[in-house]
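K.L.:
I have a structure I would like to understand better, so I am pasting it below and will then ask my questions one at a time.
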Amino acid sequence: MKKLDKLILREFFGPFLLTFAVVEFILLTQYMLKYLDELVGKDLGAEVFGELLFYFSINMAPVALPLAVLLSSLMTFGSLGEHHELTAIKTSGIALTRILRPVLIVVGLITVGAFFFNNLVVPKANLKAYSLLWDIRQKKPAMNFKEGAFYNGIPGYSIKVNEKMNDGQTLRDVMIYDHTKGGTNTTIILADSGEMYMDYNDTYLVLELFRGNTYVDQSSSSYRNSNEQFVRQEFDKSKLMLSMASFNFDRTREELFSDNKMMKNISELSVVTDSLRRHSRREQQLYAPNVDPFYMYFKADTGQVKNGLRILDKKVARELPELTPEIRLMATNKARNIKSFTASYVERVRNTLREANNYEVEIWRKYTQSASIIIMFLIGAPLGAIIKKGGLGVPVVISIVFFISMYVMSILGEKWAREGMVSVGAGMWAANLILLPVGLFFLYQARNDSSLLELDFWRKLMARLRRNKL
């Protein structure tokens, strides 16, 4: 490797690692804010949150790479141009394409690696991330008794504490409704004070109550109309054991989530897509035989079927009846039934096609996200050489503009592809195909040492036409 290549690569890797870490952090933070309300207050520990953040950071990596390459290439070649290093290299007879070559090779390797990473690693990370997120959603928040309010987090009990002492374990004026035997408030416990603590390896909550009464409403038929229907028991000390099994963090089997399109690689997605499209074609072919019973025929049936429709004789088997109000009503009802059946049938076929498009979108996404890395480099590197500004000022603004443009075009193309307005491949590749000429234009301008919007080829064309007197 030549010293020039080492110099350029050394200038590129530092900003690339920095920008990738920053972009990954920003995207991860923005994504996790959607689930913040479902994560806090459940006392899961740093290990569970660290695992969830690790899996989602893998999910964000394919999105962060294009922006990181764009920003780092802008910073690298903008800094070289700002410090006149790029000019010095060019004056020694080295073309811009030769200067870009080492970084282009590295970006090409990153593109190939990103594709295999997106196809093989990201689906497994998604499976673990979303299964873990589901389990976190199902877990109840950590137990927290608020003064003067009923707490219903423990199954079968409603507990109200009017006052909690400073230690958090001593309670004053406790009221407990016991619903474990079904029915309404048949058992009520009132206590002057109490203490709570965990026992048996934190599997049970112990409520030790002092100076209180238990009221039981025995409304069964055996106690009806008797003096024992209502029972009051006074106690000086009573202990209530409440199971904390509902607060355990149980992990669901990951296989239950494996059918989602985000958890599949390209080969698995292709199998599902082909199955859905074959099912859609089969449903379209079966429409005619399914709608045929809704019609009433007055011709002799030959028993032959062609293209799903009956072949009938030309002779009328019997005279058609006169149009009476009853016949008109019957025909109207049949027409309504056919319309309703057709609408539901078409909607079912459309849903199948839409689902097939969703799976095919995931296939093309793995290609387009990887290809966008090298396209962002073709935009960033020449543009940095043109504007000659390094640092985090101008490059950040330009990177945000191009990244948002690519993101908006990708979302539009994906939406059109899902709805079948355009082919899935065209919709997914639209953003890259639109930005590719922009990158090539910047490369042409930088190679000819032109300013950003100065069109050298147009000026040269006009000069040649004047020389030829055209």
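The values are calculated or read from the model by the stated rules, or taken from the named source; none is laboratory data. Everything quoted here is computed from the prediction, not taken from an experiment. Every residue, glycine as well, gets a Cβ built from its backbone with ideal geometry; the counts of neighbours run over all protein chains shown. Please note that ligands, DNA and RNA were not included when accessible areas were found on the heavy atoms of the full protein model with its side chains. Shrake-Rupley method; radii C 1.70, N 1.55, O 1.52, S 1.80 Å.
K.L.:
Can you tell me which residues in segment 373-402 are part of a loop (DSSP other than H, G, I, E, B) and closer than 23 Å to L27 by Cβ?
P.N.:
If the condition is that a residue be part of a loop (DSSP other than H, G, I, E, B) and closer than 23 Å to L27 by Cβ, then G391, L392, G393 are the ones that fit.
K.L.:
From the list E208, E195, pick out the single residue that is open to solvent by less than 50 Å² (accessible area, probe 1.4 Å), touching an Asp or Glu at 6+ places or on another chain (Cβ under 6 Å) and modelled with pLDDT of 85 or more.
P.N.:
E208
K.L.:
Which ones in segment 375-404 are open to solvent by 50 Å² or more (accessible area, probe 1.4 Å) and under 22 Å from Q445 (Cα atoms)?
P.N.:
K388, K389, V394, V397, I400, V401
K.L.:
Mind checking which residues of segment 157-177 are open to solvent by less than 30 Å² (accessible area, probe 1.4 Å), at pLDDT 75 or above and not polar (S, T, N, Q)?
P.N.:
Answer for segment 157-177, where residues must be open to solvent by less than 30 Å² (accessible area, probe 1.4 Å), at pLDDT 75 or above and not polar (S, T, N, Q): I159, V161, L171, V174, I176.
K.L.:
Any idea which residue in segment 2-32 is farthest from the chain's Cα centre (by Cα), counting only those that are touching a residue at least 12 places away in the same chain (Cβ under 8 Å) and more than 21 Å from S79 (Cβ to Cβ)?
P.N.:
E24
K.L.:
Considering only segment 71-86, I want to know if a residue exists there that is open to solvent by less than 50 Å² (accessible area, probe 1.4 Å), under 32 Å from the mean Cα position of the chain (by Cα) and not hydrophobic (A, V, I, L, M, F, W, C).
P.N.:
Scanning segment 71-86 turns up at least one residue that is open to solvent by less than 50 Å² (accessible area, probe 1.4 Å), under 32 Å from the mean Cα position of the chain (by Cα) and not hydrophobic (A, V, I, L, M, F, W, C).
K.L.:
May I ask you to verify whether K140 is at pLDDT 85 or above and surrounded by 12 or more Cβ atoms within 10 Å (Cβ to Cβ)?
P.N.:
Against the criterion (at pLDDT 85 or above and surrounded by 12 or more Cβ atoms within 10 Å (Cβ to Cβ)), K140 does not qualify.
K.L.:
What are the residue pairs meeting all of these: first residue in segment 238-259, first residue modelled with pLDDT of 70 or more and of a type in the set (V, I, T), second residue open to solvent by 50 Å² or more (accessible area, probe 1.4 Å) and not in a loop (DSSP other than H, G, I, E, B), Cβ atoms under 7 Å, and 6 or more apart or on different chains?
P.N.:
T252/W134
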